[in-house]
Amino acid sequence: MASPATIPAGATTRAWLADAVLYQIYPQTFADTNGDGIGDFAGITEHLDHLAWLGVDAIWLNPCFESPFRDAGYDVSDYFSVAPRYGTREDLAALVESAGRRGIRVMLDLVPGHTSDRHPWFLAAADDPTDQRYIWADRQATRFVPSPGKRPGYYLPNFFDFQPALNFGYARSLDDEPWRQPVDAEGPQQNRAALREIMDHWLRTGIAGFRVDMAYSLVKGDPERAETAKLWREQRAWLDRTHPGAVLLSEWGRPELALPAGFHADFFLHFAGRAIPSLWHNGEGMTSPSWEDGPCYFDPQGRGSMAEFVAAWRAGHTAAQPTAQPAADGPGDGYVILPTANHDYNRLATGSRTSEQLGAAFAFLLTWPTLPAIYYGDEIGMRFVPGLPDKEGSRLEPTNNRAGARTPMQWDAGPNAGFSTAPADLLYQPLDPDPGRPTVAGQLADPDSLLHLVRRLIALRRSTPALGSRGAVEVLHTGYPFVCLRGGSHLVVVNPRREPAFFAYPGLAGARTLEAQDVTVTAEGISADSFAYGIFELPGRVEEAGASGS
(Lines give C-alpha, C1' and ligand atoms only; values in the text may rest on other atoms or scores of the structure.)
Protein backbone atom coordinates (compact mmCIF):
# COMPACT_ATOMS: atom_id res chain seq x y z
CA MET A 1 0.00 0.00 0.00
CA ALA A 2 1.09 3.58 -0.60
CA SER A 3 3.12 5.41 2.01
CA PRO A 4 0.77 7.60 4.05
CA ALA A 5 1.18 11.33 4.49
CA THR A 6 1.35 12.47 8.10
CA ILE A 7 -0.84 15.38 9.24
CA PRO A 8 1.55 18.26 10.04
CA ALA A 9 2.06 18.81 13.76
CA GLY A 10 0.10 21.80 15.00
CA ALA A 11 -1.87 22.16 11.78
CA THR A 12 -4.61 24.69 12.46
CA THR A 13 -5.96 25.44 9.01
CA ARG A 14 -9.22 24.04 7.68
CA ALA A 15 -7.92 24.15 4.11
CA TRP A 16 -7.83 20.35 4.10
CA LEU A 17 -11.61 20.24 4.15
CA ALA A 18 -11.96 21.96 0.79
CA ASP A 19 -11.26 18.79 -1.17
CA ALA A 20 -11.52 16.15 1.52
CA VAL A 21 -12.92 12.69 0.88
CA LEU A 22 -14.90 11.66 3.95
CA TYR A 23 -15.59 8.13 5.13
CA GLN A 24 -18.30 7.19 7.64
CA ILE A 25 -17.68 4.28 9.98
CA TYR A 26 -20.47 2.60 11.92
CA PRO A 27 -18.24 1.34 14.76
CA GLN A 28 -20.41 -1.61 15.79
CA THR A 29 -19.93 -3.38 12.47
CA PHE A 30 -16.59 -2.24 11.03
CA ALA A 31 -14.07 -4.57 12.69
CA ASP A 32 -14.09 -6.55 15.95
CA THR A 33 -10.76 -7.41 17.59
CA ASN A 34 -11.84 -8.94 20.93
CA GLY A 35 -14.30 -11.52 19.60
CA ASP A 36 -17.44 -10.19 21.26
CA GLY A 37 -19.23 -9.67 17.93
CA ILE A 38 -19.19 -5.87 18.15
CA GLY A 39 -16.73 -3.62 16.35
CA ASP A 40 -14.26 -1.56 18.34
CA PHE A 41 -11.66 1.21 18.17
CA ALA A 42 -8.82 -1.26 17.80
CA GLY A 43 -10.55 -2.79 14.79
CA ILE A 44 -10.70 0.58 13.07
CA THR A 45 -7.03 1.16 13.86
CA GLU A 46 -6.10 -2.20 12.34
CA HIS A 47 -7.75 -1.24 9.05
CA LEU A 48 -6.45 2.31 8.66
CA ASP A 49 -4.09 1.17 5.91
CA HIS A 50 -7.13 0.26 3.82
CA LEU A 51 -8.49 3.80 4.20
CA ALA A 52 -5.10 5.40 3.52
CA TRP A 53 -4.66 3.28 0.39
CA LEU A 54 -8.16 4.24 -0.74
CA GLY A 55 -7.35 7.94 -0.35
CA VAL A 56 -9.62 8.91 2.56
CA ASP A 57 -8.84 12.22 4.31
CA ALA A 58 -11.16 12.03 7.31
CA ILE A 59 -13.42 9.53 9.05
CA TRP A 60 -16.41 10.20 11.25
CA LEU A 61 -17.67 7.69 13.75
CA ASN A 62 -21.24 7.23 14.85
CA PRO A 63 -21.67 8.01 18.58
CA CYS A 64 -19.17 6.15 20.73
CA PHE A 65 -20.03 7.70 24.11
CA GLU A 66 -21.39 5.83 27.11
CA SER A 67 -24.97 4.77 26.33
CA PRO A 68 -27.67 2.20 27.11
CA PHE A 69 -27.75 1.70 23.31
CA ARG A 70 -31.50 1.72 22.96
CA ASP A 71 -30.94 3.87 19.85
CA ALA A 72 -27.52 2.55 18.83
CA GLY A 73 -25.64 5.20 20.82
CA TYR A 74 -27.79 8.20 19.97
CA ASP A 75 -29.03 8.03 23.56
CA VAL A 76 -26.00 9.32 25.43
CA SER A 77 -25.66 8.72 29.17
CA ASP A 78 -22.18 10.27 29.57
CA TYR A 79 -20.67 12.67 27.03
CA PHE A 80 -17.22 12.46 28.62
CA SER A 81 -16.70 8.68 28.57
CA VAL A 82 -16.38 6.21 25.71
CA ALA A 83 -18.64 3.17 25.64
CA PRO A 84 -16.77 0.07 26.91
CA ARG A 85 -18.01 -1.94 23.91
CA TYR A 86 -15.58 0.07 21.79
CA GLY A 87 -12.62 -0.06 24.14
CA THR A 88 -10.98 2.57 26.32
CA ARG A 89 -10.12 6.24 26.02
CA GLU A 90 -6.56 5.07 25.36
CA ASP A 91 -7.80 2.94 22.46
CA LEU A 92 -9.50 6.00 20.96
CA ALA A 93 -6.33 8.04 21.45
CA ALA A 94 -4.34 5.33 19.69
CA LEU A 95 -6.80 5.43 16.79
CA VAL A 96 -6.50 9.21 16.47
CA GLU A 97 -2.70 9.06 16.62
CA SER A 98 -2.42 6.19 14.13
CA ALA A 99 -4.87 7.88 11.74
CA GLY A 100 -2.93 11.14 11.97
CA ARG A 101 0.29 9.40 10.95
CA ARG A 102 -1.54 8.32 7.79
CA GLY A 103 -2.88 11.77 7.03
CA ILE A 104 -6.41 10.88 8.21
CA ARG A 105 -8.40 12.99 10.64
CA VAL A 106 -10.97 11.52 13.05
CA MET A 107 -14.30 13.17 13.83
CA LEU A 108 -16.89 12.12 16.38
CA ASP A 109 -20.67 12.26 16.20
CA LEU A 110 -22.03 14.88 18.61
CA VAL A 111 -25.59 14.46 19.89
CA PRO A 112 -26.46 17.89 21.33
CA GLY A 113 -30.25 17.87 21.25
CA HIS A 114 -31.10 15.13 23.72
CA THR A 115 -29.65 12.62 26.15
CA SER A 116 -30.62 9.19 27.35
CA ASP A 117 -33.25 9.10 30.06
CA ARG A 118 -30.53 7.39 32.09
CA HIS A 119 -28.17 10.33 31.91
CA PRO A 120 -27.41 11.73 35.40
CA TRP A 121 -28.66 15.11 34.22
CA PHE A 122 -32.10 13.70 33.48
CA LEU A 123 -32.23 11.52 36.58
CA ALA A 124 -31.57 14.62 38.66
CA ALA A 125 -34.08 16.74 36.73
CA ALA A 126 -36.79 14.09 37.12
CA ASP A 127 -36.58 14.56 40.88
CA ASP A 128 -35.99 18.33 41.03
CA PRO A 129 -38.77 20.72 39.92
CA THR A 130 -36.30 23.61 39.80
CA ASP A 131 -34.01 21.95 37.27
CA GLN A 132 -34.55 23.44 33.79
CA ARG A 133 -31.97 21.52 31.78
CA TYR A 134 -34.84 19.69 30.02
CA ILE A 135 -38.29 20.86 28.86
CA TRP A 136 -41.02 20.18 31.41
CA ALA A 137 -44.78 20.88 31.34
CA ASP A 138 -47.23 20.73 34.22
CA ARG A 139 -49.89 19.09 32.04
CA GLN A 140 -50.08 16.53 29.26
CA ALA A 141 -49.35 18.22 25.95
CA THR A 142 -48.61 16.92 22.46
CA ARG A 143 -45.66 14.48 22.51
CA PHE A 144 -44.90 15.09 26.20
CA VAL A 145 -44.19 11.99 28.33
CA PRO A 146 -45.05 11.47 32.05
CA SER A 147 -42.25 12.13 34.50
CA PRO A 148 -40.48 8.95 35.67
CA GLY A 149 -39.33 10.53 38.95
CA LYS A 150 -40.61 12.46 41.98
CA ARG A 151 -41.05 15.58 39.89
CA PRO A 152 -44.68 16.00 38.78
CA GLY A 153 -45.52 16.76 35.16
CA TYR A 154 -44.25 15.71 31.77
CA TYR A 155 -41.08 16.03 29.71
CA LEU A 156 -40.57 16.51 25.96
CA PRO A 157 -38.59 13.85 24.08
CA ASN A 158 -36.85 14.54 20.80
CA PHE A 159 -37.28 11.19 19.08
CA PHE A 160 -37.91 8.06 21.13
CA ASP A 161 -39.46 8.55 24.57
CA PHE A 162 -36.14 7.59 26.19
CA GLN A 163 -34.43 10.59 24.54
CA PRO A 164 -35.50 13.65 26.56
CA ALA A 165 -34.88 16.89 24.70
CA LEU A 166 -32.35 19.24 26.20
CA ASN A 167 -33.73 22.71 26.77
CA PHE A 168 -32.20 25.27 24.41
CA GLY A 169 -35.28 27.48 24.71
CA TYR A 170 -38.10 28.43 22.35
CA ALA A 171 -37.97 31.00 19.57
CA ARG A 172 -41.28 32.49 20.73
CA SER A 173 -43.51 32.24 23.75
CA LEU A 174 -47.20 31.30 23.96
CA ASP A 175 -49.43 32.25 26.86
CA ASP A 176 -51.00 28.80 27.09
CA GLU A 177 -47.62 27.00 27.00
CA PRO A 178 -45.68 28.38 29.97
CA TRP A 179 -42.92 25.80 29.55
CA ARG A 180 -41.63 27.74 26.54
CA GLN A 181 -38.58 29.38 28.06
CA PRO A 182 -36.67 32.03 26.10
CA VAL A 183 -33.28 31.13 24.67
CA ASP A 184 -31.50 33.33 27.23
CA ALA A 185 -33.10 31.62 30.25
CA GLU A 186 -30.91 29.82 32.77
CA GLY A 187 -31.55 26.28 31.49
CA PRO A 188 -30.86 27.03 27.81
CA GLN A 189 -27.72 28.97 28.70
CA GLN A 190 -26.55 26.13 30.93
CA ASN A 191 -26.87 23.74 28.00
CA ARG A 192 -25.01 26.04 25.62
CA ALA A 193 -22.13 26.14 28.08
CA ALA A 194 -22.24 22.34 28.45
CA LEU A 195 -22.09 21.95 24.68
CA ARG A 196 -18.88 23.97 24.57
CA GLU A 197 -17.46 21.98 27.47
CA ILE A 198 -18.14 18.68 25.68
CA MET A 199 -16.59 19.85 22.42
CA ASP A 200 -13.58 21.30 24.22
CA HIS A 201 -13.00 18.04 26.09
CA TRP A 202 -12.78 15.91 22.95
CA LEU A 203 -11.01 18.45 20.77
CA ARG A 204 -8.21 18.54 23.33
CA THR A 205 -7.70 14.81 22.74
CA GLY A 206 -6.89 15.39 19.07
CA ILE A 207 -10.33 14.97 17.50
CA ALA A 208 -10.61 17.05 14.32
CA GLY A 209 -14.24 18.03 14.80
CA PHE A 210 -17.78 16.74 14.90
CA ARG A 211 -20.65 15.65 12.76
CA VAL A 212 -23.58 17.22 14.62
CA ASP A 213 -26.73 15.12 14.95
CA MET A 214 -30.05 16.87 14.27
CA ALA A 215 -28.28 20.22 14.23
CA TYR A 216 -31.40 22.01 13.03
CA SER A 217 -33.56 20.96 15.98
CA LEU A 218 -32.11 22.52 19.14
CA VAL A 219 -34.28 25.61 19.62
CA LYS A 220 -37.94 24.66 19.64
CA GLY A 221 -40.80 26.57 18.02
CA ASP A 222 -38.31 27.93 15.50
CA PRO A 223 -39.78 27.23 12.03
CA GLU A 224 -37.35 29.55 10.25
CA ARG A 225 -34.43 28.17 12.32
CA ALA A 226 -33.36 31.75 13.04
CA GLU A 227 -32.69 31.22 16.76
CA THR A 228 -31.06 27.86 16.06
CA ALA A 229 -28.74 29.59 13.58
CA LYS A 230 -27.85 32.22 16.19
CA LEU A 231 -26.99 29.45 18.65
CA TRP A 232 -24.63 27.77 16.20
CA ARG A 233 -23.01 31.03 15.15
CA GLU A 234 -22.26 31.59 18.83
CA GLN A 235 -20.71 28.12 19.08
CA ARG A 236 -18.73 28.70 15.87
CA ALA A 237 -17.32 31.98 17.20
CA TRP A 238 -16.17 30.18 20.34
CA LEU A 239 -14.70 27.35 18.25
CA ASP A 240 -12.76 29.77 16.07
CA ARG A 241 -11.23 31.39 19.15
CA THR A 242 -10.35 28.22 21.06
CA HIS A 243 -9.90 25.48 18.42
CA PRO A 244 -9.23 27.21 15.10
CA GLY A 245 -8.48 23.95 13.30
CA ALA A 246 -11.70 22.16 14.24
CA VAL A 247 -14.65 21.60 11.90
CA LEU A 248 -18.39 21.22 12.38
CA LEU A 249 -20.39 19.16 9.88
CA SER A 250 -24.14 19.39 10.28
CA GLU A 251 -26.96 16.93 9.90
CA TRP A 252 -29.27 19.64 8.63
CA GLY A 253 -29.95 18.80 4.99
CA ARG A 254 -30.40 22.46 4.13
CA PRO A 255 -27.00 23.93 3.23
CA GLU A 256 -28.61 27.27 2.45
CA LEU A 257 -29.50 27.48 6.17
CA ALA A 258 -26.73 25.44 7.80
CA LEU A 259 -23.74 27.17 6.20
CA PRO A 260 -24.81 30.74 7.11
CA ALA A 261 -25.41 29.34 10.62
CA GLY A 262 -21.70 28.67 10.95
CA PHE A 263 -21.22 25.07 9.93
CA HIS A 264 -18.21 24.28 7.79
CA ALA A 265 -20.23 21.79 5.75
CA ASP A 266 -23.71 20.31 5.61
CA PHE A 267 -24.83 16.88 4.44
CA PHE A 268 -27.49 16.42 1.82
CA LEU A 269 -29.99 14.07 3.50
CA HIS A 270 -32.61 11.60 2.34
CA PHE A 271 -35.35 13.11 4.52
CA ALA A 272 -34.75 16.77 3.61
CA GLY A 273 -35.90 17.58 0.10
CA ARG A 274 -35.23 15.70 -3.11
CA ALA A 275 -31.45 16.09 -3.50
CA ILE A 276 -30.54 12.59 -2.29
CA PRO A 277 -33.73 10.73 -3.31
CA SER A 278 -33.55 12.19 -6.82
CA LEU A 279 -30.12 10.58 -7.20
CA TRP A 280 -30.17 7.25 -5.36
CA HIS A 281 -33.60 6.24 -4.01
CA ASN A 282 -35.02 3.52 -6.26
CA GLY A 283 -38.05 2.83 -4.04
CA GLU A 284 -36.52 -0.37 -2.62
CA GLY A 285 -34.95 -1.14 0.75
CA MET A 286 -36.00 1.37 3.37
CA THR A 287 -38.93 3.57 2.50
CA SER A 288 -41.02 6.06 4.45
CA PRO A 289 -44.19 8.06 3.74
CA SER A 290 -42.35 11.12 5.05
CA TRP A 291 -39.71 11.04 2.29
CA GLU A 292 -40.41 13.11 -0.80
CA ASP A 293 -41.28 10.66 -3.56
CA GLY A 294 -40.31 10.58 -7.21
CA PRO A 295 -37.99 8.83 -9.68
CA CYS A 296 -34.23 8.71 -9.21
CA TYR A 297 -31.63 9.39 -11.87
CA PHE A 298 -29.42 6.37 -11.11
CA ASP A 299 -32.05 3.94 -12.26
CA PRO A 300 -31.65 1.35 -15.05
CA GLN A 301 -35.03 2.30 -16.46
CA GLY A 302 -33.86 5.86 -17.09
CA ARG A 303 -36.85 7.52 -15.43
CA GLY A 304 -35.08 10.36 -13.65
CA SER A 305 -33.48 13.68 -14.39
CA MET A 306 -30.48 15.39 -12.85
CA ALA A 307 -32.35 18.70 -12.91
CA GLU A 308 -33.75 18.16 -9.39
CA PHE A 309 -30.37 17.49 -7.87
CA VAL A 310 -28.64 20.31 -9.73
CA ALA A 311 -31.27 22.80 -8.48
CA ALA A 312 -30.87 21.62 -4.87
CA TRP A 313 -27.10 21.74 -5.13
CA ARG A 314 -27.19 25.23 -6.63
CA ALA A 315 -29.19 26.54 -3.66
CA GLY A 316 -26.72 25.12 -1.17
CA HIS A 317 -23.69 26.09 -3.24
CA THR A 318 -24.87 29.69 -3.43
CA ALA A 319 -25.03 29.79 0.37
CA ALA A 320 -21.42 28.61 0.47
CA GLN A 321 -20.11 31.70 -1.31
CA PRO A 322 -18.20 34.28 0.73
CA THR A 323 -20.65 37.14 1.28
CA ALA A 324 -17.97 39.78 0.55
CA GLN A 325 -17.05 38.35 -2.84
CA PRO A 326 -18.90 37.77 -6.12
CA ALA A 327 -20.57 34.38 -6.46
CA ALA A 328 -18.23 33.50 -9.34
CA ASP A 329 -15.24 33.40 -6.97
CA GLY A 330 -16.17 29.95 -5.70
CA PRO A 331 -17.04 28.49 -2.31
CA GLY A 332 -15.27 29.76 0.73
CA ASP A 333 -17.65 29.86 3.68
CA GLY A 334 -18.65 26.22 3.64
CA TYR A 335 -19.24 23.09 1.63
CA VAL A 336 -22.03 20.72 0.69
CA ILE A 337 -21.45 17.03 1.43
CA LEU A 338 -22.85 14.37 -0.88
CA PRO A 339 -22.90 10.88 0.72
CA THR A 340 -23.29 7.49 -0.92
CA ALA A 341 -25.49 6.43 2.02
CA ASN A 342 -25.47 6.53 5.81
CA HIS A 343 -26.51 4.51 8.86
CA ASP A 344 -30.12 5.66 8.43
CA TYR A 345 -30.46 5.18 4.68
CA ASN A 346 -30.16 2.61 1.92
CA ARG A 347 -26.80 1.71 0.50
CA LEU A 348 -26.11 2.39 -3.17
CA ALA A 349 -26.48 -1.36 -3.79
CA THR A 350 -30.09 -1.71 -2.71
CA GLY A 351 -32.72 -3.96 -4.19
CA SER A 352 -32.37 -4.43 -7.93
CA ARG A 353 -29.40 -2.06 -8.27
CA THR A 354 -26.47 -4.34 -9.07
CA SER A 355 -22.71 -3.87 -8.82
CA GLU A 356 -22.38 -3.12 -12.54
CA GLN A 357 -24.43 0.03 -12.00
CA LEU A 358 -22.22 1.46 -9.23
CA GLY A 359 -19.30 2.68 -11.34
CA ALA A 360 -21.40 5.46 -12.84
CA ALA A 361 -22.57 6.50 -9.37
CA PHE A 362 -19.02 6.83 -8.05
CA ALA A 363 -17.85 8.57 -11.23
CA PHE A 364 -20.46 11.24 -10.55
CA LEU A 365 -19.92 11.40 -6.78
CA LEU A 366 -16.16 11.90 -7.10
CA THR A 367 -16.25 14.52 -9.86
CA TRP A 368 -19.10 16.77 -8.71
CA PRO A 369 -18.26 19.98 -6.73
CA THR A 370 -19.41 18.67 -3.37
CA LEU A 371 -17.42 16.91 -0.66
CA PRO A 372 -17.89 13.16 -1.25
CA ALA A 373 -18.68 10.96 1.76
CA ILE A 374 -18.37 7.19 1.40
CA TYR A 375 -20.36 5.01 3.79
CA TYR A 376 -18.24 2.08 4.94
CA GLY A 377 -18.45 -0.86 2.53
CA ASP A 378 -19.94 1.12 -0.32
CA GLU A 379 -16.50 1.20 -1.92
CA ILE A 380 -16.85 -2.55 -2.56
CA GLY A 381 -20.57 -2.47 -3.31
CA MET A 382 -21.89 -3.98 -0.06
CA ARG A 383 -25.64 -4.32 -0.37
CA PHE A 384 -28.54 -3.30 1.84
CA VAL A 385 -29.73 -6.52 3.50
CA PRO A 386 -33.53 -6.68 3.85
CA GLY A 387 -35.57 -8.60 6.40
CA LEU A 388 -33.38 -8.18 9.47
CA PRO A 389 -34.81 -7.98 13.01
CA ASP A 390 -34.93 -4.74 14.95
CA LYS A 391 -31.60 -3.97 16.62
CA GLU A 392 -31.11 -1.15 19.12
CA GLY A 393 -33.99 0.90 17.74
CA SER A 394 -33.25 0.28 14.07
CA ARG A 395 -36.92 -0.19 13.08
CA LEU A 396 -38.68 3.16 12.81
CA GLU A 397 -41.66 2.15 10.67
CA PRO A 398 -42.84 -1.14 9.16
CA THR A 399 -41.02 -0.25 5.93
CA ASN A 400 -38.10 1.59 7.51
CA ASN A 401 -35.63 -0.71 9.28
CA ARG A 402 -32.14 0.75 9.35
CA ALA A 403 -30.53 -2.58 10.29
CA GLY A 404 -30.07 -3.50 6.64
CA ALA A 405 -27.57 -0.66 6.18
CA ARG A 406 -25.58 -1.64 9.29
CA THR A 407 -24.33 -5.15 8.53
CA PRO A 408 -20.69 -6.19 9.17
CA MET A 409 -17.92 -4.97 6.91
CA GLN A 410 -16.88 -7.67 4.46
CA TRP A 411 -13.09 -7.88 4.65
CA ASP A 412 -12.35 -11.33 3.24
CA ALA A 413 -13.73 -14.79 2.47
CA GLY A 414 -12.93 -16.18 5.94
CA PRO A 415 -15.31 -16.79 8.87
CA ASN A 416 -17.69 -13.87 9.40
CA ALA A 417 -16.13 -12.21 6.34
CA GLY A 418 -13.12 -11.27 8.49
CA PHE A 419 -15.21 -8.98 10.69
CA SER A 420 -15.07 -10.98 13.93
CA THR A 421 -14.00 -14.30 15.44
CA ALA A 422 -17.24 -14.50 17.46
CA PRO A 423 -19.81 -17.21 16.74
CA ALA A 424 -22.15 -16.04 14.00
CA ASP A 425 -25.10 -15.85 16.37
CA LEU A 426 -23.26 -13.32 18.57
CA LEU A 427 -22.55 -10.79 15.82
CA TYR A 428 -24.05 -7.34 16.33
CA GLN A 429 -25.77 -7.79 12.98
CA PRO A 430 -25.88 -10.88 10.76
CA LEU A 431 -23.71 -10.96 7.66
CA ASP A 432 -25.08 -10.53 4.17
CA PRO A 433 -26.07 -14.16 3.43
CA ASP A 434 -25.31 -13.84 -0.29
CA PRO A 435 -22.47 -16.30 -1.05
CA GLY A 436 -21.28 -13.94 -3.76
CA ARG A 437 -20.98 -10.96 -1.40
CA PRO A 438 -18.06 -8.67 -2.28
CA THR A 439 -15.01 -8.44 -0.03
CA VAL A 440 -12.09 -6.06 0.28
CA ALA A 441 -9.57 -8.88 -0.22
CA GLY A 442 -11.34 -10.19 -3.31
CA GLN A 443 -11.54 -6.78 -4.93
CA LEU A 444 -7.95 -5.89 -4.05
CA ALA A 445 -6.92 -8.87 -6.16
CA ASP A 446 -8.99 -7.65 -9.12
CA PRO A 447 -7.72 -4.45 -10.79
CA ASP A 448 -11.06 -4.13 -12.60
CA SER A 449 -13.07 -4.13 -9.36
CA LEU A 450 -15.20 -1.32 -7.96
CA LEU A 451 -12.69 -0.84 -5.14
CA HIS A 452 -9.86 -0.09 -7.55
CA LEU A 453 -12.11 2.20 -9.57
CA VAL A 454 -13.03 4.20 -6.46
CA ARG A 455 -9.37 4.52 -5.55
CA ARG A 456 -8.46 5.73 -9.04
CA LEU A 457 -11.31 8.24 -9.03
CA ILE A 458 -10.23 9.64 -5.66
CA ALA A 459 -6.65 9.97 -6.90
CA LEU A 460 -7.86 11.64 -10.10
CA ARG A 461 -9.96 14.11 -8.12
CA ARG A 462 -7.00 14.91 -5.88
CA SER A 463 -4.59 15.47 -8.78
CA THR A 464 -7.04 17.49 -10.89
CA PRO A 465 -8.25 20.75 -9.29
CA ALA A 466 -10.90 21.13 -11.99
CA LEU A 467 -12.70 18.07 -10.57
CA GLY A 468 -12.68 19.26 -6.96
CA SER A 469 -15.13 21.25 -4.89
CA ARG A 470 -13.86 24.60 -6.12
CA GLY A 471 -13.66 23.96 -9.86
CA ALA A 472 -16.29 25.54 -12.10
CA VAL A 473 -19.15 23.38 -13.34
CA GLU A 474 -21.24 23.85 -16.46
CA VAL A 475 -24.10 21.41 -16.85
CA LEU A 476 -24.60 20.57 -20.52
CA HIS A 477 -27.31 17.91 -20.24
CA THR A 478 -29.48 16.76 -17.30
CA GLY A 479 -31.03 13.79 -19.11
CA TYR A 480 -29.30 10.60 -20.24
CA PRO A 481 -26.37 10.77 -20.43
CA PHE A 482 -25.64 13.41 -17.82
CA VAL A 483 -22.89 15.65 -19.17
CA CYS A 484 -21.01 18.47 -17.51
CA LEU A 485 -17.81 20.45 -17.91
CA ARG A 486 -15.57 20.85 -14.86
CA GLY A 487 -13.17 23.76 -14.68
CA GLY A 488 -13.74 24.45 -18.35
CA SER A 489 -11.19 21.75 -19.11
CA HIS A 490 -12.66 18.38 -18.13
CA LEU A 491 -15.71 16.53 -19.42
CA VAL A 492 -17.73 14.22 -17.16
CA VAL A 493 -20.29 11.78 -18.60
CA VAL A 494 -22.48 9.27 -16.76
CA ASN A 495 -25.23 7.05 -18.15
CA PRO A 496 -26.70 4.94 -15.33
CA ARG A 497 -29.57 3.56 -17.39
CA ARG A 498 -29.61 0.23 -19.22
CA GLU A 499 -30.30 1.77 -22.64
CA PRO A 500 -27.46 3.48 -24.53
CA ALA A 501 -27.66 7.25 -24.83
CA PHE A 502 -26.30 9.94 -27.14
CA PHE A 503 -25.82 13.66 -26.62
CA ALA A 504 -25.06 15.81 -29.62
CA TYR A 505 -22.36 18.29 -28.73
CA PRO A 506 -19.84 19.17 -31.43
CA GLY A 507 -16.34 20.38 -30.84
CA LEU A 508 -15.05 17.72 -28.42
CA ALA A 509 -12.81 15.82 -30.83
CA GLY A 510 -9.46 14.85 -29.36
CA ALA A 511 -10.68 14.47 -25.79
CA ARG A 512 -8.12 12.54 -23.74
CA THR A 513 -9.55 9.68 -21.67
CA LEU A 514 -8.66 9.81 -17.97
CA GLU A 515 -11.11 7.18 -16.72
CA ALA A 516 -13.93 5.67 -18.76
CA GLN A 517 -16.12 2.68 -19.38
CA ASP A 518 -18.09 2.47 -22.64
CA VAL A 519 -18.17 6.19 -23.41
CA THR A 520 -17.03 7.51 -26.80
CA VAL A 521 -16.42 11.19 -27.54
CA THR A 522 -16.35 12.27 -31.20
CA ALA A 523 -16.61 15.48 -33.19
CA GLU A 524 -20.40 14.94 -33.36
CA GLY A 525 -21.07 14.26 -29.70
CA ILE A 526 -21.02 11.73 -26.89
CA SER A 527 -22.15 8.09 -27.04
CA ALA A 528 -22.60 6.19 -23.79
CA ASP A 529 -23.52 2.51 -23.50
CA SER A 530 -25.46 1.07 -20.59
CA PHE A 531 -24.12 1.88 -17.10
CA ALA A 532 -21.31 3.91 -18.67
CA TYR A 533 -19.15 6.70 -17.31
CA GLY A 534 -16.20 8.75 -18.45
CA ILE A 535 -13.89 11.57 -17.41
CA PHE A 536 -11.96 13.30 -20.19
CA GLU A 537 -9.46 16.11 -20.50
CA LEU A 538 -10.27 18.50 -23.32
CA PRO A 539 -7.34 19.71 -25.45
CA GLY A 540 -6.67 23.42 -25.50
CA ARG A 541 -8.98 24.14 -22.56
CA VAL A 542 -7.64 26.07 -19.57
CA GLU A 543 -9.15 25.50 -16.15
CA GLU A 544 -11.09 28.46 -14.82
CA ALA A 545 -9.42 28.15 -11.44
CA GLY A 546 -11.71 28.95 -8.57
CA ALA A 547 -14.65 29.88 -10.81
CA SER A 548 -18.11 28.53 -10.26
CA GLY A 549 -21.04 28.14 -12.60
CA SER A 550 -24.12 26.06 -13.20
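The values are calculated or read from the model by the stated rules, or taken from the named source; none is laboratory data. Please read these numbers as outputs of a predicted model, since none were measured by experiment. When we count neighbours, we look across all protein chains shown, and the Cβ atoms used for this are built from the backbone with ideal geometry, even at glycine. The area values use the complete protein model at the heavy-atom level, side chains included, leaving out ligands, DNA and RNA. Shrake-Rupley method; radii C 1.70, N 1.55, O 1.52, S 1.80 Å.
Structure notes:
- Given (1) open to solvent by less than 20 Å² (accessible area, probe 1.4 Å); (2) closer than 30 Å to residue 99 by Cα, index of the condition residue 169 fails: (2)
- Unique residue being touching a residue at least 60 places away in the same chain (Cβ under 8 Å) and either in a loop (DSSP other than H, G, I, E, B) or acidic (Asp, Glu) (or both) when the list is 386, 372: 386
- Residue list for segment 29-59, filter: open to solvent by 10 Å² or more (accessible area, probe 1.4 Å), in contact with a Ser or Thr (Cβ under 7 Å, 6 or more places away or on another chain) and closer than 23 Å to residue 445 by Cβ: 46
- Looking only at residues of segment 57-103 that are in contact with a strand residue (DSSP E or B) (Cβ under 9 Å, 6 or more places away or on another chain) and among the charged types (D, E, K, R), we find that the one that is nearest to residue 194 (Cα to Cα) is 78.
- With respect to the conditions (1) open to solvent by less than 40 Å² (accessible area, probe 1.4 Å); (2) under 25 Å from residue 105 (Cβ atoms); (3) among the polar types (S, T, N, Q), residue 191 falls short on a single one, namely (2).
- Enumeration of residues in segment 459-492 that are assigned to a helix (DSSP H, G or I) and surrounded by fewer than 21 Cβ atoms within 10 Å (Cβ to Cβ): 459, 460, 462, 463, 465
- Candidates 95, 17, filtered to the one that is at pLDDT 95 or above, open to solvent by less than 10 Å² (accessible area, probe 1.4 Å), among the aliphatic types (A, V, I, L, M) and not in a loop (DSSP other than H, G, I, E, B): 95
- Flag for residue 294 being surrounded by fewer than 17 Cβ atoms within 10 Å (Cβ to Cβ) and in contact with a helix residue (DSSP H, G or I) (Cβ under 8 Å, 6 or more places away or on another chain): yes
- Among the residues of segment 199-222, some residue qualifies, meaning at least one is in a loop (DSSP other than H, G, I, E, B), of a type in the set (S, T, N, Q) and in contact (Cβ under 8 Å) with a residue 60 or more places away in the chain.
- Among the residues of segment 427-458, the ones that are outside any helix (DSSP H, G or I) and either surrounded by 18 or more Cβ atoms within 10 Å (Cβ to Cβ) or of a type in the set (D, E, K, R) (or both) come to 12 in all.
- Test: residue in segment 239-255 that is in contact (Cβ under 8 Å) with a residue 24 or more places away in the chain, within 29 Å of residue 310 (Cβ to Cβ), in a helix (DSSP H, G or I) and in contact with a helix residue (DSSP H, G or I) (Cβ under 6 Å, 6 or more places away or on another chain): yes
- Candidate set: segment 316-341, residues that are farther than 21 Å from residue 462 by Cβ and either surrounded by 24 or more Cβ atoms within 10 Å (Cβ to Cβ) or of a type in the set (A, V, I, L, M) (or both); chosen: the one modelled with the highest pLDDT: 341
- Comparison of 424, 413 shows that the only residue that is at pLDDT 95 or above, open to solvent by 30 Å² or more (accessible area, probe 1.4 Å) and touching a Leu at 6+ places or on another chain (Cβ under 9 Å) is 424.
- Residues in segment 60-82 that are open to solvent by less than 10 Å² (accessible area, probe 1.4 Å), in a loop (DSSP other than H, G, I, E, B) and of a type in the set (Phe, Trp, Tyr): there are none.
- Residues located in segment 18-76, provided they are within 22 Å of residue 213 (Cβ to Cβ) and of a type in the set (Asp, Glu): 40, 57, 66, 71, 75
- Residue 511 fulfils the conditions (1) closer than 22 Å to residue 310 by Cα; (2) open to solvent by less than 30 Å² (accessible area, probe 1.4 Å) except for a single criterion, (1).
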